[in-house]
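Each value in this text was obtained by applying a stated rule to the coordinates, not by laboratory testing. This structure is a prediction, so every number in the text was calculated from the model and none was measured. Reconstructed Cβ throughout: ideal geometry from the backbone, glycine too, with neighbour counts over all protein chains shown.
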Amino acid sequence: MFKCCCLRGRAIKNAGRIAEIEVHGNPIYLRFSEIEIEDADAIVRIGTTQSHIHEPLRVAHLIATGIVCRESKRQA
């Protein structure tokens with residue numbers, strides 16, 4: 001995706017501010033841009049129902065794990 005490590009580093013730096021919020025007694029670090037911290041906090045709390053992992057992130061991890069496992073078994 002990135003042709004150079006420098007571009008990747010620049011993209012990460014420009015991705016927005018980092019904040020720590022507490023959800024269900026656990027710290028969550030989030031990076032956000034062009035919205036207020038209160039709005040970012042609310043979005044995370046809406047998507048974090050029972051665990052300390054935001055639901056869309058949890059689903060993305062499950063999908064990525066399934067893709068990697070299939071590729072490692074040459075079933076993709």
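Things to note:
- Sequence-separation-based contact order of segment 5-72, relative, with Cα cut under 8 Å and 6+ spacing, percent: 21
- The GluC sites (Glu not before Pro) found in segment 22-64 that occupy coil by DSSP, while having at most 16 further C-beta atoms within 10 Å, are Glu34, Glu36.
- Taking a quarter of the surface of the Cα convex hull of segment 5-72 gives a mean projected area of 6.1 nm².
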